[in-house]
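Here's the structure, in structure tokens; my notes come after.
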Amino acid sequence: MSLSGVLRKLPSFNAIHCHLNFVGRIARQQPYSMYQPFVKEPTYNIEKLEQLIESGEAKKREFVPVKAARSDQNVSVFHDELTSKFINMVMEKGHKEIATKLVETAYMKIKQMQLAKYYKATTDAERAEIELNPIVIFHKALENCKPVLQLTPIKRGGATYQVPIPITENRARFLAMKWMILESREKERKVHFPERLAYELLDAFNNTGKVVKRKQDLHKQCETNRAYAHYRWG
Amino acid sequence: MPITETITDTFRTNELDPMNHRKDHDGRFYSISQSVKKQLFTGGGLPKEYKELSETLNGLSIMVRKPAIELITYLNKTNFDAPVTRYVLYGKTGSGKSISLAHILHYGSNAGMVLVHVPWVPNWVRFPKGCTPSVIHPNMYDHPIESVEWLRHFSTQNGLLMQKLELKTTETYTWSKREMTAAGSPLSELIDLGMNRAKYATDCVAALLGELKKAAVSKRCRVLVVIDGFNAFFSPRSKVQREDKSIVLPTEFVLTDAFLSLTRNDWTNGAIVVSVDASALPLELRESPLPRYQLGKQGFEHLDPFIPIEVPNYSEKEFHSQIDYYIERNWLQQPKARTDRGRAELSFTSGNHPLSLMKLVAPY
């Protein structure tokens, strides 16, 4: 049997029909991964690899099977995992190049806008306050947009209530990115996506703007519905 | 950054006068003041992305590179009594030809030469704003709007110099039954007429170029001709169509005739610096960046003999200088990219190609 046969498995139909007996009914399905569970994710960060070799961890991992690297996983100095995830979410119909270009243009515009402020500033103190690195701005903006609770519909006695429940890290990150992208796609197309995204990211970095407002609206809803919180457990 | 600041970085030079740029300035940036930039480049001359980047980075700084230094040395040593020498800058698209031409333009301005500058010829061939059949020349076409713009560009670049030189026309130009420019009238009158009357603007341009040629020969002024994308004059097609939808070739433009006559080596006391670029021609003709291929038979026979000057990719010194500049101006933000490993990666992925490097560094 070939190596790929050992590592991969046939698609199991159980994954699709799996319900967990959860009152909250968050259908957490098994991933659609074609790999067996024991196959590990690749480490493609050069610094991490060097650390592993130094500490001796690498020796232990020599014969552990590893998944194939994806096309966007690389050792470039410009590689950022969060940006990769974001680009994937921006992408439509598999046009990765266009998505990358859009996000990179947005980063460039962020730099342009911040540099304009920087060169206008007169004192060193003012200049020190201005953040110029677009990736730092992107990370902070996403942090500011991540909700802490989410609402889920729960049926009780014929009525469906929106019940506040805790949110996982991944879901929070997903919602932040999704809202960011939706706000940047406006109905009137005169201002294109990269420019809008740049404005939204800068606003979110300063804890203002539409996306942060959306998060705060969600939190307010959760607060008003706190009476139903016990419905989570029936 | 104000120019009076003492510059200690090795990638910059204090020498702001292009006439003094020599081999040891290779790979160093010199800044061009806002007033000079406004005077020389308002009508074009700097590539669009480069211009935007210079505005973002708070000041236009041009890297002194070997092609420009070579040209400056030649121009400083030229025997202006001999027929004009033609220099052709060639190289891959995005290797820095337009910037080298901009550098030479600054040199010419400082050297007191009258600048005849065409920022980008394909604009006249591929995106004409309304060509009309010429009245004076049968079967040829005018560019009324572009000629007015060019005359404006010429007077911005040479305004002060023309006032000082006080050149006069040598022959009478009759525009119509009632309008004429008499011999001996100042050239500024000719330029003003062209700027105000779009109908006659193209012929004004042709007349102006003829007058400058004569003025140069009679030693009243020294002329520097700088043309970017010269091979577009010999392009096999243009966007101008006749009523029967047949395509008008660029050689049938009056402007082409005027500039080709100026770039012939039948006059003295001047210099002609021209660039040929693959992006100036249609897609099928972009196989090779070399002058003979880009100019075609007609263009080559027109320009032959010329001195070809290659504009190559960055050398290692120039590459590091460019990265230093980006870091100092806070354009290259990623901390990892500023390390040796980052520089090696940028050098490899861009292939030391100036335009590719600019595009790679832009988002980060």
Restricting to the stretch A:146-183, name every residue that is surrounded by 15 or more Cβ atoms within 10 Å (Cβ to Cβ), farther than 18 Å from residue A:194 by Cβ and under 11 Å from the mean Cα position of the chain (by Cα). A:146, A:172, A:173, A:174, A:175, A:176
Assuming residue A:221 fulfils every condition listed in (1) buried (at least 17 other Cβ atoms within 10 Å of the Cβ); (2) among the polar types (S, T, N, Q); (3) more than 14 Å from chain B (Cβ to nearest Cβ) apart from one, which condition is it? (1)
Here's a check for you: in the stretch B:303-325, which residue that is away from chain A (no Cβ under 14 Å) and free of Cβ contacts under 8 Å to residues at least 60 places away in the same chain is surrounded by the most Cβ atoms within 10 Å (Cβ to Cβ)? B:314
Residue ID - surrounded by the fewest Cβ atoms within 10 Å (Cβ to Cβ), chosen from residues in the stretch A:61-85 that are closer than 20 Å to residue B:334 by Cβ and away from every other protein chain (no Cβ under 13 Å): A:81
Would you call residue B:150 modelled with pLDDT under 95 and of a type in the set (Phe, Trp, Tyr)? no
One residue is enough: does the stretch B:326-333 have a residue meeting the conditions within 14 Å of chain A (Cβ to nearest Cβ), surrounded by 15 or more Cβ atoms within 10 Å (Cβ to Cβ), assigned to a helix (DSSP H, G or I) and out of contact with any helix residue (DSSP H, G or I) (no Cβ under 6 Å at 6 or more places or on another chain)? yes
Just one listed residue, out of B:85, B:56, is among the polar types (S, T, N, Q) and within 14 Å of another protein chain (Cβ to nearest Cβ), and it is B:56
Among the listed residues B:246, B:279, which satisfies the condition of being out of contact with any strand residue (DSSP E or B) (no Cβ under 8 Å at 6 or more places or on another chain), without any contact (Cβ under 8 Å) to a residue 24 or more places away in the chain and either surrounded by fewer than 19 Cβ atoms within 10 Å (Cβ to Cβ) or not hydrophobic (A, V, I, L, M, F, W, C) (or both)? B:246
In the stretch B:271-289, how many are in a helix (DSSP H, G or I) and closer than 17 Å to residue B:355 by Cα? 3
Of all residues in the stretch B:354-364 being more than 10 Å from chain A (Cβ to nearest Cβ) and buried (at least 22 other Cβ atoms within 10 Å of the Cβ), the one that is farthest from residue A:80 (Cα to Cα): B:354
I'd like the full set of residues that are closer than 19 Å to residue A:205 by Cα and not basic (Lys, Arg), limited to the stretch A:177-192. A:177, A:179, A:180, A:181, A:182, A:183, A:184
In the stretch B:119-142, anything outside any loop (DSSP other than H, G, I, E, B), among the β-branched types (Val, Ile, Thr) and surrounded by 24 or more Cβ atoms within 10 Å (Cβ to Cβ) is listed as B:125
Some residue of the stretch A:111-127 being of a type outside the set (Ser, Thr, Tyr), assigned to a helix (DSSP H, G or I), at the interface with chain B (Cβ under 10 Å from one of its Cβ atoms) and farther than 19 Å from residue B:326 by Cβ: yes
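The values are calculated or read from the model by the stated rules, or taken from the named source; none is laboratory data. Bear in mind that the values here come from a model prediction, so they are computed numbers and not experimental data. Cβ atoms come from the backbone with ideal geometry, glycine included; neighbour counts cover every protein chain shown.
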